[in-house]
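Structure first, then comments.
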Amino acid sequence: MPESSRTTTVLAISCLSGGSGKSTTVLNLATMLSEKGKTLVVDFDPQGNLSQWLGWTDLSESATIAETILPDTDRIKITDIIKPPTNEERSGRLLLAPSDYSLSRAADAIAMEPGRERFLKRALKPVLGDYDFIVIDSPPSKGILTYNAILAADFLVIPTECTNKGVMGAVSTVILVKELEELDFDVPKILGIVPTRDQWAGANQTRMSKAAIAALKEALPDIQIFSSVRQSTTVQQTNHVGWSLLEAGERALASSYVEVAEALMKAVKAHV
Ligand SMILES: Nc1ncnc2c1ncn2[C@@H]1O[C@H](COP(=O)(O)OP(=O)(O)OP(=O)(O)O)[C@@H](O)[C@H]1O
Ligand SMILES: [Mg+2]
């Protein structure tokens, strides 16, 4: 099949709460999806954590995703910024559109432009058909960058820390999607919520984690809540070397992400 005839599924990972496991979820899902088809990771967070985990710690000499959303003459094509992860040979199946702090300046530059919520969607157009999956990371707060990440996607996954703050972030994210829909934007289908950093003490789930997951189910009864990702220092270690949990042989820890990837494949089939 010629490369350009692929059907591209775009998945955004977003939650209006810091440290909720968004970038970790992107790393794990994108790596799994790259086993099924060619995958582009779009780092759309000025913190650039994902770019750093994938080996791009200094982007001062490189163009980044920021330049692909600028107005008119300053804008460059996304194909000019895509790079392979430096720290892992994945046979060209996993690629990165990197980001750094310059994305904040780009957000300011587009703030008064018409259609500013859809500049990432426009930037991705030339590579639709080149990839099977595009997975977008997003910043933790409400704003133009988060709207762009969500509105560029077909599907949305919301990682949520198992705390009160996490639950509030997930609920705010669902409300944001509803608000965007009411404003007649084409919004992604919410695939579900991934409770992350689920804390256990020995064989017992902590009361805080248990309460957070119960609160999610109660507040969002119509949304799929996937099984949780346990809190583990292994996750921090694998993130820092840009490995997914599966690549590190951590099957039990990765099981929630496997579940999400399977749900996505099912939803994509149903969508076609
Ligand atoms: N299951 C887990 N167990 C332990 N640590 C985790 C787990 N998931 C993520 N972390 C760690 O928690 C921190 C926050 O995770 P991550 O960066 O994925 O969240 P985020 O939502 O992208 O954060 P931000 O809002 O800052 O972008 C990171 O240091 C990460 O390594
Ligand atoms: Mg992040």
Place a point 7 Å from the Cα of residue 113 in the direction of its beta carbon; the residues of the stretch 57-80 whose amide N falls under 17 Å from it are 63-80
In terms of the alpha carbon gyration tensor, root eigenvalues a ≥ b ≥ c, rounded if a/c is under 1.5 and otherwise prolate when a/b exceeds b/c or oblate, the stretch 64-186 is oblate
Carbon/sulfur accessible area of the chain, % of total, 1.4 Å probe, equals 50
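Which helices of the chain meet both criteria: a Cα extent of 15 Å or more along the helical axis and a mean Kyte-Doolittle score no lower than 0.0, with helices taken as whole DSSP H segments?
Numbers: long enough: 22-36 (21 Å, 0.05); 164-182 (27 Å, 0.45); 207-219 (18 Å, 0.20); 251-271 (29 Å, 0.36).
In the chain, the long hydrophobic H runs are 22-36, 164-182, 207-219, 251-271.
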Check: C-alpha center the stretch 79-99 vs C-alpha center the stretch 135-160, spacing in Å is 20
For residue 255 the rounded accessible area (nearest 10 Å², probe 1.4 Å, non-protein molecules ignored) is 60
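For 53, 243, give me the order by solvent-accessible area with a 1.4 Å probe, most accessible first, ignoring ligands, DNA and RNA.
Solvent-accessible surface, decreasing: 243, 53.
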In this structure, among 125/189; 121/210; 22/266; 36/142; 36/83, pairs with alpha-carbon gaps over 30 Å are 121/210; 36/142
The answer for GluC sites (Glu not before Pro) in the stretch 67-103 that fall in a DSSP coil and have at most 14 neighbouring Cβ atoms within 10 Å is 89
With +1 on the Cβ of every Lys and Arg and -1 on the Cβ of every Asp and Glu, the dipole magnitude of the chain about its Cα centre, in debye rounded to the nearest 20, is 640
The correct ranking of 247, 262, 117 by accessible area at 1.4 Å, largest first, is 262, 247, 117
The FRET efficiency for residue 179 and residue 105, from their Cβ-Cβ distance with R0 = 25 Å and rounded to 0.05, is 0.45
Ordering 101, 147, 131 by the accessible surface of their heavy atoms, 1.4 Å probe, largest first, yields 101, 147, 131
Rounded to 0.05, the calculated FRET efficiency for the beta carbons of residue 62 and residue 248 at R₀ = 22 Å is 0.20
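The values are calculated or read from the model by the stated rules, or taken from the named source; none is laboratory data. Remember, predicted model here, so these are calculated numbers, not experimental data. Positions of Cβ are generated from backbone atoms using ideal geometry, with glycine treated the same way; all protein chains shown enter the neighbour counts. When the accessible area is computed, the model is the full protein with side chains, heavy atoms only, and any ligands, DNA or RNA have been set aside. Shrake-Rupley method; radii C 1.70, N 1.55, O 1.52, S 1.80 Å.
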